[in-house]
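Participant: The following block contains the structure, expressed as structure tokens.
The values are calculated or read from the model by the stated rules, or taken from the named source; none is laboratory data. What you see is a predicted model, and the numbers here were worked out from it, not measured in a lab. Positions of Cβ are backbone-derived with ideal geometry, glycine not excepted, and every protein chain shown enters the neighbour counts.
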Amino acid sequence: MDFGFTEEQLMLQDVARRIAQEKIAPSAEHFDRAGEFPLENIRLLGENGLMGIEVPEEYGGAGMDPIAYVLAMVEIAAGDAAHSTIMSVNNSLFCNGILKSGTEAQKQKYVRAIAEGREIGAFALTEPQSGSDATAMRCRAVKQADGSYVVNGKKSWITSGPVAKYIVLFAMSEPDKGARGITAFLVDTANPGFHRGKTEPKLGIRASATCEIEFQDYVVAAEDVLGAEGEGFKIAMGVLDAGRIGIASQAIGIARAAYEATLEYVKERKAFGAAIGTFQMTQAKIADMKCKLDAALLLTLRAAWVKGQDQRFSNEAAIAKLTASEAAMWITHQAVQIHGGMGYSKEMPLERYFRDAKITEIYEGTSEIQRLVIARNETGLR
Ligand code: CAA
């Protein structure tokens, strides 16, 4: 295994770091407090190739590999988690499935605008009554004689839903077939029959917009079916495998920002006549934070590397996401604790890192689902 990065990977990391530190981090507090979508910053990410990192150049992307994606995501998340959420949905959840299962016309029509950051994409799997148990979806797609489908139903917790132009939608086309009865569709939110519902008031990643959506006799043309009928669940799972590498990277970025702030603080803050970084209880926390951060990064790079070899990477992605999200929660918790009152204050970003870290244990498969995936892979039992 090669622990070095290529010149191109380092260049993209550098671009992401510069934008994150110069544009995103200074505006993060404003967008978090206001709960405002950072459209201008997102356009800037798009202009710099960060909205379609693994998308081939012929479809408007940067044409880079999964390792480059990890490096860039970590930098953006270290600037602000909410920006990296929007970035991850465009890159992983939206573009990945279309690149893998879409027709040439679908790639040209849907991927380019999203990869260039001119439009925002979303992914609609979850419903009000089905989250982890994704096959229990009720949203119904009924096939018509001409090959089109009529969709009716609700989807919830749609990241970027309030601003998305295009959505990858999963709906039950043959309810008797369970997982094999789910089909994937490409939706244009400007079309009749698409409605937006309530916006979710969230604990963290508040600058990323999340809402319910509803389909009322929404017609999907035959050419907008993604993959074959009944293949939707497998498409969704494959896309989530890739998405989980992105969320692991996001968790690492949040954790790194909290860790770096803590390193500065323990050198400056004095108590009992000494810098608090000289106390053994603080030193133990610093050492454990660093070990968890490095372990999470190495596991995430491994998952990205396996993905880049065109091998199945479900297990590696689940291991990376589980490790990184739990590390981020623990590290941001310790960072708040070490900062004491300042950690609890909105005058410093520590409390935001802590709030933002929590979502990484929940979305794109909870920690419980990651454990289930890992245990099934390890034992072969179901
Ligand atoms: N890749 C390809 N195919 C896969 C797969 C994968 N990773 N995982 C499962 N499949 C296939 C199986 O092989 C099986 O195929 P066959 O019918 O040919 O045998 C089929 O899919 C059904 O699989 P399971 O029987 O394992 O399905 P299950 O009902 O037991 O569910 C699960 C498995 C892992 C629990 C899955 O439902 C899951 O991952 N749930 C979590 C859903 C999730 O992550 N939701 C996140 C919502 S999106 C989001 O959060 C976005 C956001 O806001 C940013």
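Participant: Select, from 267, 290, the only residue that is surrounded by fewer than 19 Cβ atoms within 10 Å (Cβ to Cβ) and without any contact (Cβ under 8 Å) to a residue 24 or more places away in the chain.
Facilitator: 267
Participant: Restricting attention to segment 80-137, and to residues there that are within 10 Å of the ligand (Cβ to nearest atom) and without any contact (Cβ under 8 Å) to a residue 12 or more places away in the chain, which single residue is farthest from residue 357 (Cα to Cα)?
Facilitator: The extreme case among them is 136.
Participant: How about segment 160-171: which of its residues are part of a loop (DSSP other than H, G, I, E, B) and without any contact (Cβ under 8 Å) to a residue 60 or more places away in the chain?
Facilitator: Correct list: 161, 164, 165.
Participant: Residue 319: free of Cβ contacts under 8 Å to residues at least 12 places away in the same chain and under 18 Å from the mean Cα position of the chain (by Cα), yes or no?
Facilitator: No.
Participant: Would you mind telling me which numbered condition in (1) farther than 28 Å from residue 298 by Cα; (2) touching a helix residue (DSSP H, G or I) at 6+ places or on another chain (Cβ under 6 Å); (3) away from the ligand (no atom under 16 Å from the Cβ) residue 55 fails?
Facilitator: With (1) farther than 28 Å from residue 298 by Cα; (2) touching a helix residue (DSSP H, G or I) at 6+ places or on another chain (Cβ under 6 Å); (3) away from the ligand (no atom under 16 Å from the Cβ) applied to residue 55, the lone miss is (1).
Participant: I need every pair where a residue in segment 360-373 that is not assigned by TED's automatic domain parsing to the domain that holds residue 127 and of a type in the set (Gly, Ala, Ser) has its Cβ under 7 Å from the Cβ of a residue that is assigned to a loop (DSSP other than H, G, I, E, B) and within 9 Å of the ligand (Cβ to nearest atom), sequence separation at least 6 or different chains.
Facilitator: Pairs found: none.
Participant: Right, something else. Taking the condition surrounded by fewer than 22 Cβ atoms within 10 Å (Cβ to Cβ), assigned to a helix (DSSP H, G or I), in the same structural domain as residue 137 (by TED's automatic domain parsing) and charged (D, E, K, R), does residue 217 pass? Outline the logic, then answer.
Facilitator: Values: surrounded by fewer than 22 Cβ atoms within 10 Å (Cβ to Cβ): yes; assigned to a helix (DSSP H, G or I): no; in the same structural domain as residue 137 (by TED's automatic domain parsing): yes; charged (D, E, K, R): yes.
So residue 217 fails the test.
Participant: Hey, another quick one. Take the conditions assigned to a helix (DSSP H, G or I), under 13 Å from residue 334 (Cα atoms), under 22 Å from the mean Cα position of the chain (by Cα) and touching a residue at least 12 places away in the same chain (Cβ under 8 Å) and apply them to residue 255. Does it pass?
Facilitator: Yes: the conditions hold for residue 255.
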